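The values are calculated or read from the model by the stated rules, or taken from the named source; none is laboratory data. Please read all numbers here as calculations on a predicted model, not as lab measurements. Here the Cβ positions follow ideal geometry from the backbone for every residue, glycine too, while neighbour counts run over all protein chains shown.
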Amino acid sequence: MKKTEVKKLTLEEKISLLTGADNWQTESADGKVRQVFLSDGPSGLRMHDLKNNYATIKATALPTCHVLSYTWDTDLAFEYGATIADECIIHGADVLLGPGVNIKRTPLCGRNFEYLSEDPYLAGVFGAAYVEGVQSKGVGACVKHYCANNSEADRCHQSSEVDERTLHEIYLKPFEMTMKAKPWTVMCSYNPINGIYASENRKLLNDVLRGEFGFDGLIMSDWGAVHNPVRAVQATLDLCMPHRDDSAGLISEAVKSGKIGEAEIDERAQKVIDLAEKAERAAVKRKVTTTAEERHETAVKIAKEGIVLLKNEGNVLPLGGNAENGGQNKYFVLGELSEKPFISGGGSGEVQTAFVQKALHEHIAEKTGAETKYRNFCGWEPNWRDIYGDAYEADVTILPVGHDRSVESEAHDRSSLRLTPEQEDMILRVAGYAKKTVVIVYAGSAVDMSRWIGAVDGVVFSGYAGEGVNEALSDLLCGKANFGGKLTETFPLSLEDTYKGGRTSDGMTDLYDDGIFVGYRYYDKEKKEVLFPFGFGLSYAKFEYGDLRIEKTGESDYDIVYNVTNVSEAAGKEISQVYVKDVLATARRPEKELKGFSKDLIAPHETKTVRVHLDISAFAYYNVSLGKWYAENGVFEIFVGGSSRNLPLKGKLYLELPEDTQYSVR
Ligand code: GLC
């Protein structure tokens with residue numbers, strides 16, 4: 001197809017392209033440019049049927065992205081993106097508005113369920129794989145929300161005050177890493193960064209994203225994030241979404257008055273045309289390769305890989321009996337979440353699924369063959385006597401608890417990390433009568449369990465795990481599958497233990513004076529205990545680590561080689577993690593940083609040799625004086641293990657880069 005030259009359009013037509021035609025489509029410039037249909041994700045197609053009074057189209061509700069990240073499996077991230085892309089193709093969306101790669105700076109953020117990690121490296125590898133998956137189907141991705149949009153409170157006006165180094169090392173890093181997948185689009189965030197709105201922040205949009213990161217696609221605004229269409233064009237924002245009546249007039253005025261040159265309009269309009277032509281070229285090759293059933297199965301598979309086992313005292317799990325727990329054959333499930341589990345947080349990322357799940361207690365009864373009693377829990381008028389009696393008679397009592405979109409959603413943050421007092425009371429009261437208790441938590445980010453976790457035997461963090469959660473969860477609980485998921489965010493002991501107790505805003509600005517010490521980097525620096533560390537997750541299998549070798553394969557390339565042995569009778573997947581510490585750094589650096597990982601299926605009593613490659617990015621930090629990433633010669637310690645706080649293997653290497661790459665040499 002011919003390439004539309006922006007020169008052939010009138011100035012008016014070019015300017016018309018710089019805002020949407022409506023809520024979801026780009027403009028056509030009087031029919032000369034193909035319209036592009038944009039639609040939400042990021043955990044499934046969330047599209048409004050323009051021909052059916054905006055009703056939300058039913059789609060496959062995959063586990064939300066935080067559960068995807070708990071799989072630590074980038075192949076699944078690819079499959080995840082490709083799965084959603086199939087439904088984009090079916091319903092005619094050209095660009096999927098995902099992934100969200102914002103860093104989980106505080107567990108209070110209402111949109112953490114949509115994001116990937118507190119660690120920029122992990123968020124970056126997952127973001128890139130997700131984009132590759134979506135775009136492998138000829139559908140565009142949209143990496144969002146650029147940038148430093150790490151809480152929902154007053155997200156449209158509160159400025160994120162972030163220093164240069166922290167921006168690059170923590171908040172920009174996932175966007176930079178996602179660029180390797182060549183995303184078609186990036187979405188700028190609502191918030192100002194250091195006092196300038198993202199939509200008119202030329203330094204971040206042009207100098208950093210386009211210049212430093214080499215992004216050559218289209219930059220769109222978040223919906224309603226443009227405060228001034230003229231300043232947005234001057235900052236090189238290409239597309240103001242959604243449609244804005246006054247955009248064309250204001251921009252035309254600015255051209256007339258010389259505030260904006262026609263060459264700038266041409267550049268911005270060409271990006272819209274390029275996107276349209278990319279979509280047009282791709283559309284003819286798009287092919288749906290999955291059925292609705294297969295997409296549902298993918299939702300189940302990813303949930304199974306991402307749900308995390310946090311506590312399993314006395315091997316209360318798996319249900320159905322095992323050598324350690326002497327067999328169990330009577331279960332009691334209390335609470336309506338067994339029938340209607342929370343599968344997502346709220347807002348633009350919430351997918352409407354048509355899939356009706358079988359209740360968790362029905363799955364358990366089927367998969368264990370055991371008597372499984374169920375009671376809905378009427379919080380306001382519970383029949384405690386009967387509840388206590390059922391708990392007392394059962395071998396294991398299962399309590400599904402958590403909170404829904406009213407607590408975790410776009411546009412607002414949580415004010416507490418705890419369950420409701422009623423739920424905490426219910427857990428403690430029932431556990432007082434139960435022989436054994438397993439609590440299943442449905443939430444989109446870290447939960448403070450400290451008040452009740454000591455009173456129960458098992459805890460499973462289901463997260464918001466999509467339409468297949470009951471099938472996946474029951475397989476895991478009943479031992480038909482093994483837990484392998486691990487947390488990609490720290491679960492602190494309390495909100496008070498988080499940086500400034502989560503109160504970093506003065507109402508006008510959010511001061512990022514925690515700097516690079518975010519997530520485990522913060523808890524390490526403060527030497528704080530946590531409820532569950534970054535990278536933590538249990539399994540029915542048990543793994544031991546040994547034989548660490550560090551092999552230099554290039555000037556700044558190393559292979560970290562080690563053995564992982566499954567010392568149990570259960571097959572299982574182990575996510576081993578590699579952390580790096582710059583021991584004698586001239587700049588202040590974290591205690592350790594995740595720089596590699598591997599997920600390996602290991603049979604009982606099998607030993608697997610794992611090899612993780614590190615390149616110079618594993619040693620470098622962002623040096624503001626140099627205005628670039630910089631690796632300093634010297635000794636680096638390497639830690640390997642099953643979580644950020646369980647690193648049994650330790651080694652060291654001496655980075656010896658050429659003298660002329662070094663500064664401030666002592
Ligand atoms: C919302 C969200 C963004 C979403 C867009 C369209 O406000 O911030 O993630 O893609 O608007 O719904």
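Listed values, structure above:
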{"quantity": "Neighbours by Cβ (under 8 Å, 6+ apart or cross-chain): first from the range 626-638, more than 15 Å from Glu659 (Cα to Cα) and surrounded by fewer than 20 Cβ atoms within 10 Å (Cβ to Cβ); second at pLDDT 95 or above and small (Gly, Ala, Ser)", "calculated": "Trp629/Ser617; Trp629/Ala620; Glu637/Gly651"}
{"quantity": "Filtered residue count, the range 213-244, keeping only those that are buried (at least 22 other Cβ atoms within 10 Å of the Cβ), within 14 Å of the ligand (Cβ to nearest atom) and in a loop (DSSP other than H, G, I, E, B)", "calculated": "4"}
{"quantity": "Among (1) under 19 Å from Pro242 (Cβ atoms); (2) away from the ligand (no atom under 13 Å from the Cβ); (3) at pLDDT below 95; (4) among the β-branched types (Val, Ile, Thr) - the single one Thr19 does not satisfy", "calculated": "(3)"}
{"quantity": "Breaking point among (1) assigned to a loop (DSSP other than H, G, I, E, B); (2) in contact with a helix residue (DSSP H, G or I) (Cβ under 7 Å, 6 or more places away or on another chain); (3) more than 20 Å from Lys144 (Cβ to Cβ), for Pro42", "calculated": "(3)"}
{"quantity": "Pairs with Cβ under 7 Å, 6+ apart, first in the range 358-372 and closer than 17 Å to Asp395 by Cα, second of a type in the set (Lys, Arg)", "calculated": "Lys367/Lys480; Ala370/Lys330; Glu371/Lys330"}
{"quantity": "Residue satisfying all of: in the range 38-80; among the small types (Gly, Ala, Ser) and either under 13 Å from Gly98 (Cα atoms) or within 16 Å of the ligand (Cβ to nearest atom) (or both); surrounded by the fewest Cβ atoms within 10 Å (Cβ to Cβ) among these", "calculated": "Ala55"}
{"quantity": "Lone unmet requirement of (1) in contact (Cβ under 8 Å) with a residue 40 or more places away in the chain; (2) surrounded by fewer than 19 Cβ atoms within 10 Å (Cβ to Cβ); (3) β-branched (Val, Ile, Thr) for Ile602", "calculated": "(2)"}
{"quantity": "Qualifying residue in the range 99-108 (condition: more than 16 Å from the ligand (Cβ to nearest atom), at pLDDT 95 or above and surrounded by fewer than 21 Cβ atoms within 10 Å (Cβ to Cβ))", "calculated": "no"}
{"quantity": "Residue match in the range 245-254 (condition: in a helix (DSSP H, G or I) and in contact with a Cys (Cβ under 7 Å, 6 or more places away or on another chain))", "calculated": "yes"}
{"quantity": "The one condition in (1) under 15 Å from Glu305 (Cα atoms); (2) in contact with a strand residue (DSSP E or B) (Cβ under 6 Å, 6 or more places away or on another chain); (3) of a type in the set (A, V, I, L, M); (4) part of a loop (DSSP other than H, G, I, E, B) that Ala465 fails to fulfil", "calculated": "(2)"}
{"quantity": "Residue within the range 381-401 that is surrounded by fewer than 18 Cβ atoms within 10 Å (Cβ to Cβ), within 30 Å of Leu108 (Cβ to Cβ) and modelled with pLDDT of 95 or more present", "calculated": "no"}
{"quantity": "Residue that is farthest from the ligand (Cβ to nearest atom), among those in the range 130-166 that are in a helix (DSSP H, G or I) and either without any contact (Cβ under 8 Å) to a residue 40 or more places away in the chain or buried (at least 24 other Cβ atoms within 10 Å of the Cβ) (or both)", "calculated": "Gly133"}
{"quantity": "Scan of the range 269-319 for residues that are hydroxyl-bearing (Ser, Thr, Tyr) and in a loop (DSSP other than H, G, I, E, B), ordered by number", "calculated": "Thr289, Thr290, Thr291"}
